[in-house]
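Just below is one structure, and these are the notes that go with it.
A short reminder: the numbers here are calculations on the coordinates, not readings from a lab. From a predicted model like this one, the values you see are computed outputs, not experimental measurements. Here the Cβ positions follow ideal geometry from the backbone for every residue, glycine too, while neighbour counts run over all protein chains shown.
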Amino acid sequence: MRFRSRHFISFEKLENNYKKLKEICVDNKIIFMVKANAYGHGVIPIVRHSVEKLGITEFGCASLGEALLLREELYDLEFEIYVFSDVQVELRECAEIYLNRRIIPVISNRDDLDFILNSREFENFPLFIKFNTGMNRLGLEMDKVDEVIRSIRVSGRKSIYHLMTHLSSSSLPIKKNKRNIIQFENFEKIKKAFSDAGIEVERTSIANSGAIEQGAGLGETHVRPGLMMYGPSSMLPQYSDLSLWSGEIISKLETYVISIFDVEKGQPVGYGATPCPSKGKVAIVALGYGDGFTTRYIGTHLYHKDIKGKVVGRVNMDMAQVFFDENSLPDLKVGDSFTLWDHSAERFAEFCKEAKIIPYEVFIGITQRVPKIYS
Ligand SMILES: Cc1ncc(COP(=O)(O)O)c(C=O)c1O
């Protein structure tokens, strides 16, 4: 565990992001996506705060294990939890957990649908189903919607709890991109088929962050934001002008300077003896790939109080080298704290762009060696 390299997480920023989200989604209910340990931010504190202070009551996980952890750790709170992909409803031990712990699986294939519809134990269990409208990953096939409707009828059900689909390209323009247009049209067709068949659909959703940011999918009862709640936009940088999102990064990644020294142009530093680009100073900071600060971050720019430095040489398991040119030297000495990213969404986006990495991966990559501190 580190002592002075820390991942600070601000509940105040989370709350501000939620308020901003509600300004866009005035009438929608929220399913807050908290899979992968709340996108690396620590699922238990994030969900507790979201229920107790923000009044969010529905959450999305990827696996049953994630959902069960929430139920067990947060037994004192009331909320719904959905499992979106790693469902395994047909396994006896999993089925029992769904039934006994009120965890709701999202059904996205015929076998699981038939199992739920034909099982007496699941007779009164909420039916949450997902259709493939063009993403071609998970989902009941839309050309089989009539068969699905028939099976639901035969089972005696008159309604479904939630009908959803997921977009493949919401980081691209929703209104112009052909795939997005087709997926929205297909979802309308599926809803109409249910309505024509007299099966009530209680809730619907289509929008994740990319769509919400563009004000799309808000005609459904629910939206399913993930990334935007943690701050970043999920739109590709070239389309950022289409985004309504102005969230702040809810976290700050901080480390400190273990060593700092003068360097000459061409002077080798660290593993691989990488030559320094010019005369200046190198700060050795206490974060490396063992902390999730990966070798992909070589060459990215980091700032100390607006003075721009650059990650040079190899990133090590425990340390990285940040180079500052002699013409813009920071006021840094051994023991000073050094911030990798703070709450600025612009700087964070710039960092991701330079590293050619998506923000999801940056957050999720931070390892357990870096303590999370909540404020
Ligand atoms: C089904 C589903 N809905 C919503 C989301 C949230 O996506 P985002 O984090 O881009 O908002 C995800 C995440 O992958 C998802 O799988």
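Could you state the principal axis extents of the C-alpha atoms in the chain, from the largest down, to the nearest angstrom?
Cα spread of the chain along its principal axes, largest to smallest: 78, 44, 37 Å.
State the volume of the convex hull built on the alpha-carbon positions of the range 11-233, expressed per residue in Å³ and rounded to an integer. It would help to have the intermediate numbers written out before the result.
On the way: hull volume 25.1 nm³, N = 223.
So the per-residue Cα hull volume is 113 Å³.
What is the magnitude of the charge dipole of the range 216-359 about its Cα centre, with +1 placed on the Cβ of each Lys and Arg, -1 on the Cβ of each Asp and Glu, and no other charges, expressed in debye to the nearest 20?
In debye, rounded to 20, the range 216-359 gives about 340.
Counting C-alpha atoms alone, how compact is the range 251-374: give Rg to one decimal and Dmax as a whole number, in angstrom.
Rg then Dmax for the range 251-374, in Å: 13.6, 42.
How charged is the neighbourhood of Asp76? Take every other residue with its Cβ under 15 Å from the Cβ of Asp76, and add Lys/Arg as +1 and Asp/Glu as -1.
Numbers: positive: Arg48, Lys53, Arg71, Arg101, Arg102; negative: Glu52, Glu72, Glu73, Glu78.
Net of charged neighbours comes to +1.
Which of Pro268, Pro45, Pro105 moves the most in a Gaussian network model of the chain with Cα springs under 10 Å?
Residue with maximal mean-square fluctuation among Pro268, Pro45, Pro105: Pro268.
Given Cβ point charges of +1 (Lys, Arg) and -1 (Asp, Glu) and nothing else, what value in debye, to the nearest 20, does the dipole of the range 11-233 about its Cα centre take?
So the magnitude is around 720 debye.
Compute and list, largest first, the equivalent-ellipsoid semi-axes of the range 309-363 from the alpha carbon gyration tensor, each √(5λ) rounded to a whole angstrom.
For the range 309-363, the ellipsoid semi-axes come out as 21, 14, 12 Å.
About the Cα centre of the chain, how large is the charge dipole given +1 on each Lys and Arg Cβ and -1 on each Asp and Glu Cβ? Please answer in debye to the nearest 20.
Approximately 580 debye in magnitude.
Once phi is turned into ³J(HN,Hα) by the Karplus curve 6.51 cos²θ - 1.76 cosθ + 1.60 with θ = phi - 60°, what whole-Hz value does each residue of the range 172-184 show in order, with x for glycine and proline?
Karplus-based 3J(HN,Hα) across the range 172-184 equals 10, x, 5, 7, 10, 6, 4, 4, 5, 4, 5, 4, 5 Hz.
To the nearest 10 degrees, how steep is helix 92-101 against the longest Cα principal axis of the chain, on a 0 to 90 scale?
With both axes taken from Cα atoms, the answer is about 90 degrees.
Would you list Arg153, Arg224 from fewest to most Cβ contacts within 10 Å?
Least to most surrounded, the residues fall as Arg153, Arg224.
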